[in-house]
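Contents: one structure, followed by commentary.
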């Protein structure tokens, strides 16, 4: 290993990053700008033992008391060879930027002594067009026709752009607020996704939008508005509401579980053929490959997951596969928004053709709390899980659920691996708790 994990982790702490920005990045170029603080933001990813990503927001004080908060991210490699390969691959991006880290086009630099790449948003090697969809003066050309279609007869004014969620090299969600002279602006959401995934998402959304269940109001989702392949940009209407809180004891959470059961029932019965085939073997193999990353960093988690996967394989071999259906692919309670009256589905970007137990197992696995504060939290989660499955079976009574325990255990194992990957507070204990729960669910009847 060329750079140790401890060295990279120490440098990645917010205080260390703030000092580095002040002395090596901001200060030498913009001497009148003060780095007041650096905070971490969601997006940290650890692919042990290869790469560590970190995402930050910097608080910068400009002359005149002006404050700006740019988003920046780092990608650190542990091995010199992989680091050099990445540097060669993104050389055009490294050479194209100015010396100003606050350039609206973004900024990127390589620090070879640390095997570290530093990027200021919207610079991203996977999304070269991200500056063109992130700046208000550039987006009106593709937003104006949509705004006029949504609100005929109204004049289109200024546009503001708000970054909602950004995962470097994976995806970016933006909200465009278009001033039409009304009390509230028209909101249109844009999604930038890697691997041309937006094309599939657009096709799936169009098919879902055409379903009778959507027309009757039983299935609520965003309207697909356009897809621009040259920008990797999918545009869709807003889904009203806010994220469903994870409080299992709340009435809203229970109602969401029932709505989620009905929603996935409509999707499974839709007959939509878009999306690749997806099998249990893919899920297990992905886990097994990732597991090797933590053989040294977390032996207890490694051994627990390794043995669990052997049990999952044995159980799966005894049970015949289910006929594939159109599948959401990432079905969890946080995929819904609540507007006070109903629940709207917000993401279908991982749509596949899979066994029905794939979606159901993933949803059930995420209903269980990762850090229950009281025994009643787990008991309530069991009731929420039952409400979800009952609502699904009301629409799909032919479902027998024999392979649900297998898929639920796989998803709980994946949650344990994600916790280990992120290494948040008490990650080792939480991961082992999820592994124990996976064993329990694997040995339980599907409807228990």
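For the reader, a short list of remarks on this structure follows.
- Residue within segment 125-141 that is in contact (Cβ under 8 Å) with a residue 24 or more places away in the chain and farther than 19 Å from residue 191 by Cβ present: no
- Only one entry of 223, 169, 251 meets the criterion of being in contact (Cβ under 8 Å) with a residue 24 or more places away in the chain and surrounded by fewer than 18 Cβ atoms within 10 Å (Cβ to Cβ), and that entry is 169.
- Taken as a whole, the structure leaves residue 405 outside the set of residues that are out of contact with any strand residue (DSSP E or B) (no Cβ under 9 Å at 6 or more places or on another chain) and either closer than 15 Å to residue 258 by Cβ or without any contact (Cβ under 8 Å) to a residue 24 or more places away in the chain (or both).
- Selection of segment 320-331 for residues being within 18 Å of residue 219 (Cβ to Cβ) and surrounded by fewer than 19 Cβ atoms within 10 Å (Cβ to Cβ) yields only 330.
- For segment 413-434, the set of residues classified as more than 19 Å from residue 363 (Cβ to Cβ) and free of Cβ contacts under 8 Å to residues at least 40 places away in the same chain consists of 424, 425, 427, 429, listed by residue number.
- Residues considered: 68, 29. Of these, the only one that is at pLDDT below 95 and either surrounded by fewer than 17 Cβ atoms within 10 Å (Cβ to Cβ) or over 28 Å from residue 172 (Cα atoms) (or both) is 29.
- Within segment 402-429, being surrounded by 18 or more Cβ atoms within 10 Å (Cβ to Cβ) and more than 21 Å from residue 167 (Cβ to Cβ) holds for 403, 404, 405, 406, 407, 408, 409, 410, 412, 413.
- Test: residue in segment 302-309 that is more than 24 Å from residue 432 (Cβ to Cβ), touching a residue at least 24 places away in the same chain (Cβ under 8 Å) and more than 17 Å from the chain's Cα centre (by Cα): no
Yes/no matrix, rows are residues, columns are (1) surrounded by fewer than 18 Cβ atoms within 10 Å (Cβ to Cβ); (2) under 26 Å from residue 174 (Cβ atoms):
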| residue | (1), (2) |
| --- | --- |
| 61 | yes, no |
| 76 | no, no |
| 80 | yes, no |
| 112 | yes, no |
| 115 | no, no |
| 124 | no, yes |
| 134 | no, yes |
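- Filter pass, residue 16 being touching a helix residue (DSSP H, G or I) at 6+ places or on another chain (Cβ under 8 Å), under 24 Å from residue 166 (Cα atoms), in a helix (DSSP H, G or I) and not assigned by TED's automatic domain parsing to the domain that holds residue 161: yes
- If you go through segment 176-204 and keep only what is touching a residue at least 60 places away in the same chain (Cβ under 8 Å) and in a strand (DSSP E or B), you end up with 191, 192, 193.
The values are calculated or read from the model by the stated rules, or taken from the named source; none is laboratory data. None of the values given here were measured: they were computed from a predicted structure. Every residue, glycine among them, receives a Cβ derived from its backbone with ideal geometry; neighbour counts consider all protein chains shown.
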